[in-house]
Amino acid sequence: MKVIIINGPNLNLLGKRETDIYGKMSFDEFLHQLRNQYQEHQIAYFQSNVEGELIDKIQETGFEYDGIIMNAAGYSHTSVAIADAIRGIKTHVIEVHISNVFSREDYRQTLLTASACVGSISGLGLYGYKLALDFLLHQKSSE
Ligand code: DQA
């Protein structure tokens, strides 16, 4: 199975950024572990701080990959354009938030992207990406 994880702005700083909220592990370290656990699957990764680059990647992979796991980070709360890109593709997208956005500031509780996704996971740390992957595998095997 061919899956891509797409991370949005500031997630390149995981492990250094607000570690009380997002934890001490870098995404590279997490991804290394995930790829080791799922060696029979292809897990591509893309991170950008730029909205248009995220949209380009959604369009590029959204007709070819078996699943997209997306954390649009701050853009989840603001980007009509990313939500439209998710609606415009064929590949199923699972939204992941590391922190529980519903227990944080009010402005984080609007998620423009979530309704365009198959489902979303919030507040389960980096483990949320693994759960999203398990869901996509489960979905594929029951096709
Ligand atoms: C986040 C939550 C967002 O509100 C925030 O802007 C992020 C990360 C999360 O993974 O918890 O950058 O998407």
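How much length would be gained if the chain were fully extended between Lys2 and Asp106, taking 0.36 nm per residue of separation minus their Cα-Cα distance, in nm to one decimal? Could you put the intermediate results ahead of the total?
Working: separation 104, 0.36 × 104 = 37.44 nm, distance 3.56 nm.
Full-extension gain reported as 33.9 nm.
For region 25-110, what class follows from the C-alpha gyration tensor (a ≥ b ≥ c being the square roots of its eigenvalues): rounded when a/c is under 1.5, otherwise prolate if a/b is larger than b/c, else oblate?
Cα axes put region 25-110 in the oblate bin.
Holding the Cα-Cα limit at 24 Å, pick out from Lys57/Lys130; Lys24/Lys57; Lys2/Lys24; Lys57/Lys90 the pairs that are longer than that.
Values: Lys57/Lys130 21 Å; Lys24/Lys57 27 Å; Lys2/Lys24 28 Å; Lys57/Lys90 13 Å.
From Lys57/Lys130; Lys24/Lys57; Lys2/Lys24; Lys57/Lys90, over 24 Å: Lys24/Lys57; Lys2/Lys24.
Quick one: Asp66, Asp134, fewest Cβ neighbours within 10 Å first, how do they rank? Could you put the intermediate results ahead of the total?
Details: Asp66 18, Asp134 11.
In increasing order of surrounding Cβ atoms, one gets Asp134, Asp66.
For region 64-143, just say rounded, prolate or oblate: build the C-alpha gyration tensor, square-root its eigenvalues into a ≥ b ≥ c, call rounded for a/c under 1.5, and beyond that prolate if a/b exceeds b/c, oblate if not. Walk me through the numbers on the way to the answer.
Numbers: a/c = 2.70, a/b = 1.32, b/c = 2.05.
Oblate shape, in that a/c is at least 1.5 and b/c is the bigger or equal ratio.
Please arrange Glu60, Glu51 by how many other C-beta atoms lie within 10 Å of their C-beta, fewest to most. Numbers along the way, then the final one.
Working: Glu60 13, Glu51 18.
Ranking Glu60, Glu51 by Cβ neighbours within 10 Å, fewest first, gives Glu60, Glu51.
Just rank His92, His97, fewest to most, by other beta-carbon atoms within 10 angstrom.
On the way: His92 19, His97 22.
If I rank by nearby Cβ atoms, fewest first, I get His92, His97.
Go through region 73-79 residue by residue and turn each phi into a ³J(HN,Hα) via Karplus (6.51, -1.76, 1.60, θ = phi - 60°); whole Hz please, and just put x for glycine and proline.
6, x, 5, 4, 8, 10, 9
Compute the length gained on full extension between Ser141 and Val80: take 0.36 nm times their separation in residues and subtract their Cα-Cα distance, giving the result in nm to one decimal. Can you show the working numbers first?
On the way: separation 61, 0.36 × 61 = 21.96 nm, distance 3.19 nm.
Extra length available between Ser141 and Val80 comes to 18.8 nm.
We did not get these values from a lab; they are worked out from the coordinates using the rules stated. This one's a predicted model, so the numbers in the text were calculated from it and none came from an experiment. Backbone-built Cβ (ideal geometry, glycine too); neighbour counts: all protein chains shown.
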